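Enquirer: Please read through the structure below; I'll follow up with questions.
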Amino acid sequence: MVKKKDGALRMCADYRKLNQKLVKDKFPLLLIEDVLDTLQEAKVYTTLDLRNGFFHVEVDEDCRKYTYFIVPDRQLEFNKVPFALSTSRGVFQRYIINIFRDLTRQGIVFSYIDDLNVPAKEEIERLQKLKIVFEVAKKYGLEIKFKKCQFLMRKVEFLGHIVESETIKSSITKTLVIRKFPEPTTVKLVYI
């Protein structure tokens, strides 16, 4: 078990040996910069986080035996895509892109893995867009983690960036590690 940011626990099996054997999923992950560029003209944003993202995707029945893990009194296998497989991100990104493809083309929603952003330029359009996104999410059984969502905000944190009308900058929490990194005190430390 590994701890999530919110303190909840996530079941995480050790699939290092399996990952070495897996054929890598060639589906390209979107570039964060490209997703952020699509948001620049909006004035109001809603960010949505999908609950247990990968668990929305079924594992092929033939492949489930490879996802087994052992608990004290038995051996279990995943029916849904587990977190620690090297192919999980690509499989899930493809799944989400296919679900929201038409809405993305229309500028209604933009996604990156399990993070969605619904940008709007005008007051009226923001609720209409949200309604459409929720209808599609419901149709496909996608669960939304409302605790992590930001609704109808002029300024949101999304993909490690602060996004507001015509401005995108790195989040302080994401740059804090770099700013707190100790300054080198010797020439040798500069090159490490």
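No lab work stands behind these numbers, since they all come straight from the coordinates. Given the structure is predicted, the values throughout are model-derived calculations rather than measurements. Here the Cβ is made from the backbone with ideal geometry for all residues, glycine too, and neighbour counts use every protein chain on show.
Enquirer: Can you pull the one-decimal nm distance between simple spin-label points at residue 11 and residue 134, each 7 Å off the Cα toward Cβ?
Expert: According to this spin-label approximation, the distance is 3.1 nm.
Enquirer: Does the stretch 60-125 come out rounded, prolate or oblate, given a ≥ b ≥ c as the square roots of the eigenvalues of its C-alpha gyration tensor, rounded meaning a/c under 1.5 and, failing that, prolate meaning a/b above b/c?
Expert: Prolate is the answer for the stretch 60-125, as a/c is 1.5 or above and a/b outweighs b/c.
Enquirer: Something else: Nearest 0.05, what FRET efficiency do residue 121 and residue 22 give at R0 = 41 Å with Cβ-Cβ as r?
Expert: After rounding, the FRET efficiency stands at 0.45.
Enquirer: Also, quick follow-up: If you count, for each residue, the other Cβ atoms within 10 Å and average over each peptide, how do 116-124, 94-102 line up from highest to lowest?
Expert: 116-124, 94-102
Enquirer: Okay, moving on. How much mean residue ellipticity at 222 nm does the chain get from its helices, if each DSSP H run of length 4 or more adds -39500 (n - 2.57) and you divide by all residues, to the nearest 500 deg cm²/dmol?
Expert: One gets -9000 deg cm²/dmol as the mean residue ellipticity at 222 nm.
Enquirer: Separate question: Give the order of 181, 27 when sorted by the count of other beta carbons within 10 angstrom, beginning with the fewest.
Expert: With the fewest neighbours first, 181, 27 line up as 181, 27.
Enquirer: Dividing the alpha-carbon radius of gyration of the chain by 2.2 N^0.38 Å (N being the number of residues), what value is obtained?
Expert: Taking the Cα Rg and dividing by 2.2 N^0.38 Å, one obtains 1.21.
Enquirer: At q = 0.29 Å⁻¹, what is the base-10 log of I(q)/I(0) for the stretch 132-182 according to the Debye formula with one equal point scatterer per Cα and no solvent? Please give it to two decimals.
Expert: -1.06
Enquirer: Here is a follow-up. Given R₀ = 35 Å, FRET efficiency for residue 37-residue 175 by Cβ-Cβ distance, to 0.05?
Expert: Efficiency at R0 = 35 Å is approximately 0.95.
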